[in-house]
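Some notes on the structure that comes next.
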Amino acid sequence: MSETAKIPIIDFKTYGVNVENEESISDEDLKKLGNEMCFALEEIGFCYLKNHGIPDEQIKLAMESSKQFFNQNVEEKSKCAKPDDGYFGWIGLERERLNPNRPAGDYKEAYGMIPECGIWPPDIPNFQKMHSDLFSCCVKLALRVFDVISVGLKLEDKHFLRKCHSCIGQKGNISNIRSIFYPALTSKKDTIQGQVRCGEHSDYGTLTLLIQDSIGGLEVKMREGEYEPAPPIPGTIVVNIGDLMQRWTADKLIATKHRVLIPNEVRKKMVDRQSLAFFVNPDEDVTIHCLDNSNKYDPITSRDYLNMRFYEKF
Ligand SMILES: O=C(O)CCC(=O)C(=O)O
Ligand SMILES: [Fe+2]
């Protein structure tokens, strides 16, 4: 079995963001995509999207300007530091520990942003444009993925989930792009035993689109409990569900734990790894009622839920 056999690859060519007219997809194709995607998100909580329509070149340019930022010295990067009470900006090495049971902070740095965040590196002219352009593409793609999921879940309105995310990129919605940088480990002393690049966790919003470079290291927890690699596949984007979507669907779609370990292989350990994650959250004033009307979980606004999760983390 190939490394990726456990995580399905879904061909999005009929509904990728390069398909200009959203209405041109046939009901049959939309239903087919909905079934395929919901099957993957029910069983594994993860899938790959190929033919998603975001140009490779755009992804490459965003990755390159991110690397340029992270390769600066700490003093330079500190000019863009995330304020304690803010969401956006740079967070330094080992500042976050996504699995609190790990013995040290995650061996990574990150930069959270939205086009209007107002915190941009002064000396990397391309950074703001490249990430803002990518943000716009990711919004389009995420909204299409929501249509597909709405159809797969057999909701009455195929635009229901899209409508609950109508303010992405504006006030009232904190969906954001996060550039994540995992520095090379050049010496044994860099880390302590049990330390990882990104600790075991599930994402807390509705949906995540993840773009990884060619280094690999992402692993996804299967129902049986073991972690399986989710290796980079050129031209694809990884899609996964967050806890709020699991709650919304009364546990039909699952928010699967995942992690990035420090590679054993020297060749992979000695180089930087870079990923770009688009974390999607519903508009803050949307009330999350179980979509199957089961009332398995009490209704809660997206704002209250996300605040609760956010303060848990920091
Ligand atoms: O960098 C990756 O591949 C995964 C990052 C991740 O899962 C996260 O930051 O939530
Ligand atoms: Fe994650």
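What to note about this one:
- For region 18-26, Karplus couplings with θ = phi - 60° (6.51, -1.76, 1.60), whole Hz, Gly/Pro x: 7, 7, 5, 8, 4, 7, 6, 6, 6
- Here the label points at Lys189 and Ile9, each 7 Å from Cα along the C-beta direction, are separated by 4.4 nm in the simple model.
- Restraint check, Lys82/Lys171; Lys108/Lys129; Lys6/Lys32; Lys50/Lys163; Lys6/Lys129, Cα-Cα greater than 27 Å: Lys6/Lys129
- Shown here for region 217-272: trypsin sites (Lys or Arg not before Pro) in loop regions (DSSP other than H, G, I, E, B) with at most 14 other Cβ atoms within 10 Å, namely Arg223.
- In the chain, the calculated helix contribution to ellipticity at 222 nm averages -9000 deg cm²/dmol per residue, counting -39,500 (n - 2.57) for every DSSP H run with n ≥ 4.
- Spin-label pair Glu265-Asn35: with each label point 7 Å from Cα along the Cα-Cβ axis, the two points sit 3.7 nm from one another.
- The long axis of helix 56-70 is offset from the longest Cα principal axis of the chain by roughly 40 degrees.
- Secondary structure note: in the chain, about 90% of the DSSP beta bridges are antiparallel.
- Computed over neighbours whose Cβ is under 13 Å from that of Asp285, the net charge equals 0, Lys and Arg +1, Asp and Glu -1.
- Here's how it looks for Ile288: its modeled amide H is under 5 Å from those of Ile300, Thr301, Ser302, which are all 5 or more places away or on a different chain.
- Relative contact order [Cα under 8 Å, 6+ residues apart], region 2-312, whole percent: 21 percent
- For the chain, the average shadow cast by the Cα convex hull is 16.0 nm², which is a quarter of the hull's surface.
- In plain terms, if you count all Cα to Cα distances in region 145-265 and split them into 5 Å steps from zero, the share in each step is 2, 9, 16, 20, 18, 15, 10, 5, 3, 1, 0, 0 percent.
- Loop-located GluC sites (Glu not before Pro) in region 91-189 (DSSP state other than H, G, I, E, B) with a sparse environment of at most 13 neighbouring Cβ atoms within 10 Å: Glu116, Glu156.
- Rounded to 10°, Cα long-axis angle of helix 27-43 versus longest principal axis of the chain: 50 degrees
Bear in mind these aren't lab numbers, they're just calculated from the coordinates by the rules spelled out. Keep in mind it's a predicted model, so treat the numbers as computed, not measured. Methodologically, a virtual Cβ is constructed for each residue, glycine included, from the backbone with ideal geometry; neighbour enumeration extends over all protein chains shown.
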